Structure formats: structure tokens, C-alpha cells
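Before any comments, here is the structure.
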Amino acid sequence: MKILCVCGMGFGSSLMLKMTVEKVIQKKGLNAEAEATDIGTASGTQADLILTNNEFASQLEGGSVPVKAVMNMASEDEVEKAIDEYLDSK
Amino acid sequence: MSDVKLDKSSIQWKQEVTDWREAIKVSAEPLLQQGKITENYIQAMIDNIDNLGPYILIAPNVALPHARPEAGVNERGIALTVFKKDVEFPPGTDNKTDTARLFICLAATDSETHLNFLKGISSWIEDEEFINRLLETDSQEETEDIINEFYTKN
């Protein structure tokens with residue numbers, strides 16, 4: 001699966017979030033990849049799950065891709081919980 | 001991780017500022033003084049927030065002001081500022097107002113140094129105790145001590 005990490009410019013918090021997602025993917029042994037992008041191109045990018053902050057989550061919600069909000073971009077616990085919720089909902 | 005080592009001149013403790021624009025300027029001041037960034041870079045960081053919204057929070061209470069290297073970075077650098085009082089950002093589309101007290105101003109010259117910086121900053125914000133202690137400091141000396149202790153420990 002593909003996890004899209006989104007922030008305003010695509011090279012700050014989204015990259016930080018991508019690093020955290022990659023740690024969680026490795027820890028859980030998931031067959032998944034992470035990509036960072038900016039809010040402008042996020043809605044046109046194919047993905048299975050979008051992770052971002054609260055504000056962009058509310059902007060991106062309602063599309064075809066499930067969206068989860070993360071408060072701390074470096075928190076493996078938060079990211080793991082978001083991925084688990086997504087996997088459970090499938 | 002030596003890339004992200006904060007020296008004394010890049011650590012600041014401040015009582016309060018008038019608004020978030022002032023907070024960005026203050027947080028960038030050490031890098032400007034050291035000649036690492038230009039005035040234009042500071043303006044670009046402010047413009048980014050004006051254009052994209054105030055979404056530079058990377059953790060509760062922690063803001064990461066930054067812009068693209070070509071906006072005016074002469075040399076890579078990072079500066080950390082603790083504000084005693086909340087800095088309020090304009091409300092987002094959800095009408096919620098974000099506040100922050102810890103500002104990490106980032107200036108990268110290329111994507112590799114940028115990634116190294118982000119890795120270093122990640123190691124700070126994943127340590128909640130470290131962040132909480134920084135938020136509780138009451139002086140410049142105390143702020144420097146907590147950061148030095150963090151480096152000794154890690």
C-alpha cells in the first residue's frame with residue numbers, strides 16, 4: 001500500500017512524517033511505501049492512505065482516499081495507531 | 001547528527017512577541033546575525049504562512065518556520081527559540097487557532113542537509129519530556145542547560 005504524507009510545501013513536516021511512517025512500516029513489517037507531497041498536489045496523487053496535520057486532514061477529507069490526522073510528526077505511536085485504524089477498517 | 005548541534009548563539013529564550021510575524025523574525029534573528037540567511041529568506045517564511053496558512057506546527061506547541069533554500073540561504077543553520085507566552089497564529093479554515101511556544105527556524109542549502117536537519121529535529125520532538133522541559137524554562141541559561149543535557153544524554 002501507499003501512504004501519502006502531506007504538508008503545506010511538501011518538504012517540511014511531510015518529510016518528517018514520511019521518516020516516521022518508514023520506521024513504522026519497517027517495525028511492523030508492512031508491504032508499504034511512503035511518499036511526501038504538498039497540499040496542492042495531494043488530491044491528485046494516487047494513494048491508499050493520507051496522513052497529515054489536522055487542518056489539511058479536514059481539507060482533504062471527503063475524497064476517495066481515507067485521511068488520518070497526526071499531531072506530532074515524529075510520534076511512531078500516533079502513526080502506528082493511524083495505520084492500524086486504516087488496516088482494521090478495510 | 002553533528003549537523004544539528006545547536007550552539008549557544010543559536011538558542012534563545014524570550015518573554016513574548018507582539019504577533020506571529022514578529023515571532024518568525026525573532027526566531028530567525030540568530031541565523032541572520034550569523035550571515036547564514038538573508039532578510040529575503042525571513043520574508044519568504046512569512047509569505048509561506050500568508051499563502052498556505054499557519055500550518056507549520058510539527059508537534060503540539062512546536063513550530064518549524066522554513067522556506068526554500070533559493071529564498072536566501074547562504075549557509076545551513078538552525079536556531080531554537082522558546083517564547084514564554086503563546087504565539088497565536090491566524091485561524092485556519094476549521095476556525096481553530098494554533099498556538100506555539102517553541103520555534104525551530106530551519107535554513108538548509110540542499111536536500112541532504114535538509115533531511116539531516118529534519119532527522120535531528122524529529123529526535124527532539126519525539127522526546128516529549130525534553131520538549132515539555134523546554135516549554136517550562138524561565139531563562140536563557142536554563143534553556144541552554146536543558147539542550148546541553150539532551151546532547152550529553154543522546
Legend entry - Failed item in (1) within 13 Å of chain A (Cβ to nearest Cβ); (2) free of Cβ contacts under 8 Å to residues at least 24 places away in the same chain, with residue B:136 passing the rest: (1)
Legend entry - Matching residues in the stretch B:122-152 - criterion: being under 28 Å from residue A:14 (Cβ atoms), surrounded by 11 or more Cβ atoms within 10 Å (Cβ to Cβ) and among the charged types (D, E, K, R): B:126, B:127, B:128, B:133
Inset, instruction - Determine whether the stretch B:130-144 contains at least one residue that is aliphatic (A, V, I, L, M), in a helix (DSSP H, G or I) and out of contact with any strand residue (DSSP E or B) (no Cβ under 7 Å at 6 or more places or on another chain). - result: no
Legend entry - Candidates A:6, A:70, A:24 - the one that is touching an Asp or Glu at 6+ places or on another chain (Cβ under 6 Å) and closer than 21 Å to residue B:96 by Cα: A:70
Legend entry - Qualifying residues in the stretch B:52-80 (those that are away from chain A (no Cβ under 11 Å) and assigned to a strand (DSSP E or B)) - the one farthest from residue B:123 (Cα to Cα): B:73
Inset, instruction - State yes or no: is residue B:33 of a type in the set (S, T, N, Q), away from chain A (no Cβ under 11 Å) and over 24 Å from residue B:86 (Cβ atoms)? - result: yes
Legend entry - Qualifying residue in the stretch B:43-51 (condition: more than 12 Å from chain A (Cβ to nearest Cβ) and touching a helix residue (DSSP H, G or I) at 6+ places or on another chain (Cβ under 9 Å)): yes
Inset, instruction - Give the residues of the stretch A:56-76 that are of a type in the set (D, E, K, R) and in contact with a helix residue (DSSP H, G or I) (Cβ under 9 Å, 6 or more places away or on another chain), sorted by residue number. - result: A:68, A:76
Legend entry - Matching residues in the stretch B:81-110 - criterion: being more than 24 Å from residue A:54 (Cβ to Cβ) and either within 8 Å of another protein chain (Cβ to nearest Cβ) or surrounded by 14 or more Cβ atoms within 10 Å (Cβ to Cβ) (or both): B:84, B:107, B:108, B:109
Legend entry - Selection from the stretch B:10-47 of residues that are of a type in the set (D, E, K, R) and either in contact with a strand residue (DSSP E or B) (Cβ under 6 Å, 6 or more places away or on another chain) or surrounded by 21 or more Cβ atoms within 10 Å (Cβ to Cβ) (or both): B:14, B:16, B:36
Inset, instruction - At least 2 residues that are crowded, with 20+ Cβ neighbours inside 10 Å and within 11 Å of chain B (Cβ to nearest Cβ) in each: list the strands (runs of 3 or more DSSP E) lying fully within chain A that qualify. - result: A:2-7
Inset, instruction - Provide a single number: the residues in the stretch B:101-133 that are over 30 Å from residue B:38 (Cβ atoms) and touching a residue at least 12 places away in the same chain (Cβ under 8 Å). - result: 3
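Laboratory data are not the source of any read-out in this text; all were calculated from the coordinates shown. Just so it is clear, the model here is predicted, and its values are computed rather than measured. Note: ideal-geometry Cβ built from the backbone for every residue, glycine included; neighbour counts use all protein chains shown.
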